[in-house]
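Read through the structure below, which is laid out as structure tokens, and then see the notes.
The values are calculated or read from the model by the stated rules, or taken from the named source; none is laboratory data. Keep in mind the model is a prediction, meaning the values are calculated, not measured. Glycine also receives a Cβ, built like all others from the backbone with ideal geometry; neighbour counts cover every protein chain displayed. To get the accessible areas, we keep the full protein, side chains included, count just its heavy atoms, and leave off ligands, DNA and RNA. Shrake-Rupley method; radii C 1.70, N 1.55, O 1.52, S 1.80 Å.
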Amino acid sequence: MNRTLVRILLILIAVAAVALPAFAGDYPLQVARNIMLYMALAISWDMLLRSGQISFGIAGLFGIGAYAAILGVVRAGMPTWLSIPFAAVFAALVAFLIGFVILRLRAMYFSIVTLALGEIFRIIVHNLHDFTGGPEGVVMQQGVMFGGNASKLYWLVLAGLLVAIAASYWFEKSRIHFALTAIRNNEISAKSSGVDIFRWLLLAFVVTSAIQGMLGGIFVMSYGFAAPDVVFSADFTLLPLAMALLGGVYSTRGPIFGAILLGLVAEWLKLKIPYGHLVVYGIMIIIVILFMPQGLKNLLKPAAKRAEGRSA
Amino acid sequence: MIKLRTTNLTKRFMGLVAVNNVSFSMEEGEILGIIGPNGAGKTTFINLISGIIMPSEGRIEYKGQDITWMPAHERARIGIARTYQLIHPLENLTLIENVMVGSIFARGHSLKEGRRRAENLCHELGLTDLERDTSRLTILEVKKMEIARALANEPEVLFLDEVMAGLNSDETKELIAMVQKIAREKNLAVGVVEHVMGVIRELTHRVIVLEAGELIAEGKYEEVSRNPRVIEAYLGGGAA
């Protein structure tokens, strides 16, 4: 495909995405919202992965953002629109503080600690009964944002997704790309080229956590409700991870592609074989990882380039 | 002018003393050979100077500034560069992008300016077809890329850790000439670790010899190679 064609195609997709509420009913809009939410989480996970750090803490930061937003509205009387950037800033602040400790860890130690932190956040929220509402959760008395208008809620999630895509492109096109790739490849030679490893990891961790927190805020504002088991659900960690792996990591389009595919398949399977759909998706992911370790995004490359990638 | 000086530099790993009380200095424009039998502490010594590991005792000065505890990435910024014995090209970056990393981080150039400088360096070293994947490079090209990556820091002190290893004699000659030319043009202080004595003889102005972490001899290659202690270190106590 040549560049102009790709551009035209992208513009058409963008127009269709923005205009979707004009011709789609409530059900497809709901499906699209879900897919976009997971897509944005998948992109944010991939952004940190580019430095070689595998986080299992997506749900933790998503949940923190969700609670920051809803408690901001319910306890502090914050306007709903403000609660979403507040969720992002709050998650970023938490990430900044814990980053000082956990970004000294590597490989599975980092992964396990991020997983444990998510669980710790959930338990804290669970137990601070008076402030957070405990296991029963919190309800927004004033109701869902935009009075539950399906189109506006759809655009809200779309806006969140665009923020994630823009941040991901920034990571790809700026010096951040060089810093993170150098760190992932070899930290010692990165240092010798003047890369301040801790600083760049902290930046990546804070930015991706802010995105995850913002999405938590968007989620909770569009449902008007938060409970620990809902917003800290392992789904928010596992599905984005699966989507990014399926589509192909270290890029923006990989997670986008993976989220569309897995999201649509999951939706369809849910109708065909309720509960059994998880098994099918597990199998899909295993097949892709075994036979296409670079993910499905590789299928979009010209054949010659693919062959080169294989021999390399 | 003295660029780099160590005083009583020592590194212990548990009980093992890898570098023991080494004091030396390097002048600008000088190519210094660092030789010694396997396990003598040559690479550890370079690791200490480049900040990859921290010393147990002693002091490192660069242009009169105490840098003993300075982190590695800051040493790269003030002008200390090195290559690695085991080469790790950054696999997901192309040849030119590998070289750019030093320009944009150690020197803080913009991506555009960093790329321009990296291109110039590659041309100086005779590297072409710069958008190639690093897996497509020949051994000589990988070695040149490694040197270009270090030079992208625009250093004043450069350490080359066995860059000639694995090259045939023509390639070695080419690289020796190249290192000499660059050192002269950029007025660098260059430290060279090498096992092939022919390379040391041709390339260096002066040599230091390490054995079991200690500096046992220092001087011109011709003098040092006749030093009985050095001969014994290389042949082993029993054989001598």
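Listed by position, the helices (runs of 4 or more DSSP H) inside the range B:93-204 whose residues that are within 11 Å of another protein chain (Cβ to nearest Cβ) number at least 3 are B:95-105, B:111-124, B:139-151. For the range A:191-205, a residue qualifies if it is more than 7 Å from chain B (Cβ to nearest Cβ), surrounded by 21 or more Cβ atoms within 10 Å (Cβ to Cβ) and of a type in the set (A, V, I, L, M), and the qualifying residues are A:Leu201, A:Ala204.
Somewhere in the range B:13-21, is a residue within 11 Å of another protein chain (Cβ to nearest Cβ) and of a type in the set (A, V, I, L, M)? No, that holds for no residue.
Scoring A:Ala40 on the criteria (1) under 29 Å from A:Ile13 (Cα atoms); (2) open to solvent by 10 Å² or more (accessible area, probe 1.4 Å); (3) of a type in the set (A, V, I, L, M) leaves a single failure, condition (2).
Comparison of A:Ile188, A:Ile165, A:Ile176 shows that the only residue that is of a type in the set (Val, Ile, Thr), within 14 Å of chain B (Cβ to nearest Cβ) and open to solvent by 20 Å² or more (accessible area, probe 1.4 Å) is A:Ile188.
Filtered by the rule that a residue be open to solvent by less than 40 Å² (accessible area, probe 1.4 Å) and either part of a loop (DSSP other than H, G, I, E, B) or at pLDDT 95 or above (or both), the range A:103-113 gives a lone residue, A:Leu103.
For the range A:259-275, residues that are under 13 Å from the mean Cα position of the chain (by Cα) and at pLDDT below 90 total 0.
Whether a residue is closer than 21 Å to A:Ala92 by Cα and not polar (S, T, N, Q) was assessed, and A:Ala226 passes this test. Across the range B:66-88, the qualifying residues are those that are at the interface with chain A (Cβ under 8 Å from one of its Cβ atoms) and in a loop (DSSP other than H, G, I, E, B), and the one among them that is nearest to B:Thr43 (Cα to Cα) is B:Tyr84.
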